[in-house]
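This report concerns only the one structure given below.
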Amino acid sequence: MANPALTALDHAGLPYRVIRHGPVASLAEAAAARGVEVPDVVKTIVVRRGEGDLLFVLTPGGRVISWPKLRALLGVSRLSMPDAEAAKAATGYARGTITPFGSTTAWPVVADERLRGREITLGAGEHGLAVAVEADTVLAALGATVADVTDEEPTRAAVAGTRPPA
């Protein structure tokens, strides 16, 4: 069976390089397996604006969605993330493999501005499968809204309310 993400990239005429790797348990492991830096591993996150109204948010590795920034950009007061089952129903992909390419529905795409001007890697619809692409080309092809929609990912120490050793 053909991979829908790779088929969609081919149909769009977008150049890409396939990267296959074994199981990874962290963002750092994914970056190492793909031979890139952490910020070049892009996460595709499904966000719900309302019932049946979803979008993809592309975030660089090491950053998280800034919900206040994203709400302001979209002009809404509330956003949420669908559960894994709803995300799969909306995209055709299991959590951890979601990509805007080949999704069962072409949801709008918002991308963090830090992706511009670099080669990035995106999941390609299967565990252990990614593609390396030029971000600017992909963002244009997706018609992405590009804006500052992320914050630096907090460290474990910051999340726990402690300070890291000096």
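The values are calculated or read from the model by the stated rules, or taken from the named source; none is laboratory data. All values reported here derive from a predicted model rather than from experimental measurement. With ideal geometry, Cβ positions are generated from the backbone for all residues, glycine too; neighbour counts draw on all protein chains shown.
Every test in (1) out of contact with any Lys or Arg (no Cβ under 6 Å at 6 or more places or on another chain); (2) modelled with pLDDT of 95 or more; (3) closer than 19 Å to D151 by Cβ is passed by L27 save one, and that test is (2). Residues that are assigned to a loop (DSSP other than H, G, I, E, B), surrounded by 12 or more Cβ atoms within 10 Å (Cβ to Cβ) and at pLDDT 95 or above within region 138-166 comprise A144, D148, V149, listed in sequence order. Is it the case, given these coordinates, that R17 is surrounded by fewer than 18 Cβ atoms within 10 Å (Cβ to Cβ), within 24 Å of R116 (Cβ to Cβ), among the charged types (D, E, K, R) and in contact (Cβ under 8 Å) with a residue 40 or more places away in the chain? The answer is yes for R17. Selection over region 96-117 of residues that are part of a loop (DSSP other than H, G, I, E, B) and surrounded by 15 or more Cβ atoms within 10 Å (Cβ to Cβ) gives a count of 9.
For region 111-131, the tally of residues that are without any contact (Cβ under 8 Å) to a residue 60 or more places away in the chain and touching a Phe, Trp or Tyr at 6+ places or on another chain (Cβ under 9 Å) stands at 1. For region 43-50, indicate whether the set of residues that are over 25 Å from D10 (Cβ atoms), at pLDDT 95 or above, buried (at least 19 other Cβ atoms within 10 Å of the Cβ) and within 12 Å of the chain's Cα centre (by Cα) is non-empty. Among the residues of region 43-50, at least one is over 25 Å from D10 (Cβ atoms), at pLDDT 95 or above, buried (at least 19 other Cβ atoms within 10 Å of the Cβ) and within 12 Å of the chain's Cα centre (by Cα), which makes the answer yes.
For region 118-137, filtered to residues that are of a type in the set (D, E, K, R) and within 21 Å of T97 (Cα to Cα), the residue that is modelled with the lowest pLDDT is E126.
Taking region 1-11 as the search range and keeping residues that are of a type in the set (A, V, I, L, M) and exposed (fewer than 15 other Cβ atoms within 10 Å of the Cβ), which one is nearest to the chain's Cα centre (by Cα)?
A2
Every listed requirement among (1) in a loop (DSSP other than H, G, I, E, B); (2) farther than 27 Å from R20 by Cβ is met by H127 save one, (2). Residues that are buried (at least 22 other Cβ atoms within 10 Å of the Cβ) and of a type in the set (A, V, I, L, M, F, W, C) within region 58-68 comprise just one, L58.
Is it the case that R78 is exposed (fewer than 15 other Cβ atoms within 10 Å of the Cβ) and more than 19 Å from G117 (Cα to Cα)? When the stated conditions are applied, R78 passes them.
Annotation: of all residues in region 25-40 being free of Cβ contacts under 8 Å to residues at least 60 places away in the same chain and outside any helix (DSSP H, G or I), the one that is surrounded by the most Cβ atoms within 10 Å (Cβ to Cβ) is E37.
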